[in-house]
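The values are calculated or read from the model by the stated rules, or taken from the named source; none is laboratory data. What you see is a predicted model; the values in this text were computed from it and never measured. Positions of Cβ are generated from backbone atoms using ideal geometry, with glycine treated the same way; all protein chains shown enter the neighbour counts.
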Amino acid sequence: MALSGVMLAVSAFAEQTASIDLGTSRAPQSLSRKMQLLSGTGAGKADRLFSDRRTLAASATEDLDLAGSLVDAFGATITFARIKGLVIAAAAGNTNNVVVGAAGSNPWATLLGATHTLTLRPGAFVAVGTGEADATGYAVTASTGDLLKVANSSSGTSVTYDIHILGCSS
């Protein structure tokens, strides 16, 4: 199955202002990056997509198997060999945090390491892209390095998060 129109973009803008003798001084600051991928498996390409809205019960965790158990929008099982882009967004209505990373066994460690985590507070999001020139991406090793753990940080309430993974089958 081919992918088309694949783009990951992140943009930040802020402006500092200060009063001066004859008006206001402004210092606009911006940073933006985008990655546009073609269909395929080399540099600047991706051929697999997983996208879902998921809910975890209070104190629950799940391990997303990047090499063999995720299912795409058409019901086909996806096996990632490399990840080129990842976006995870915690729902603003969550009470608890969404914690990503540090699977107990076979962790996907090429992004966060085997034991590190990233905490997404309610409404927070993270986006990671490899860049168009990167042919390697973040490697996924089937059976030994392919589990992305996602956890609800506490008890009492469930959490909802959206996830979007772009990558390659080889």
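Conditions tested, residue by residue: (1) more than 16 Å from the chain's Cα centre (by Cα); (2) surrounded by 14 or more Cβ atoms within 10 Å (Cβ to Cβ); (3) touching a residue at least 40 places away in the same chain (Cβ under 8 Å).
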site: PRO28; (1), (2), (3): yes, no, no
site: ARG33; (1), (2), (3): no, no, yes
site: LEU38; (1), (2), (3): yes, yes, no
site: GLY42; (1), (2), (3): yes, no, yes
site: LYS45; (1), (2), (3): yes, yes, yes
site: PHE50; (1), (2), (3): no, yes, yes
site: SER59; (1), (2), (3): yes, yes, yes
site: ASP63; (1), (2), (3): no, yes, yes
For this session: Could you look through the stretch 1-42, keep only residues that are charged (D, E, K, R) and in contact with a strand residue (DSSP E or B) (Cβ under 8 Å, 6 or more places away or on another chain), and pick out the one that is farthest from ALA73 (Cα to Cα)?
Result: ARG26
Exercise. When you go through (1) among the hydrophobic types (A, V, I, L, M, F, W, C); (2) surrounded by 18 or more Cβ atoms within 10 Å (Cβ to Cβ); (3) outside any loop (DSSP other than H, G, I, E, B) one by one for VAL87, which number turns out not to apply?
Worked result: (2)
For this session: For LEU111, work out the one condition from (1) more than 20 Å from VAL159 (Cα to Cα); (2) in contact with a Ser or Thr (Cβ under 7 Å, 6 or more places away or on another chain); (3) part of a loop (DSSP other than H, G, I, E, B) it doesn't fulfil.
Result: (2)
Exercise. How many residues, within the stretch 1-53, are farther than 11 Å from CYS168 by Cα, out of contact with any Asp or Glu (no Cβ under 9 Å at 6 or more places or on another chain) and in a loop (DSSP other than H, G, I, E, B)?
Worked result: 4
For this session: Select from the stretch 124-149 the residues that are in a strand (DSSP E or B) and hydrophobic (A, V, I, L, M, F, W, C) and write down the one among them that is nearest to MET1 (Cα to Cα).
Result: ALA139
Seminar exercise, completed: Residue hits (the stretch 60-76; in contact with a Leu (Cβ under 7 Å, 6 or more places away or on another chain) and either part of a loop (DSSP other than H, G, I, E, B) or of a type outside the set (D, E, K, R) (or both)) are LEU64, LEU66, LEU70, ASP72
Problem set entry | Which listed residue, of ALA127, ALA133, ALA114, is over 19 Å from ALA57 (Cβ atoms) and touching a Pro at 6+ places or on another chain (Cβ under 7 Å) | ALA114
Problem set entry | Residue within the stretch 150-159 that is under 18 Å from ARG53 (Cα atoms), out of contact with any strand residue (DSSP E or B) (no Cβ under 9 Å at 6 or more places or on another chain), assigned to a loop (DSSP other than H, G, I, E, B) and modelled with pLDDT of 95 or more present | yes
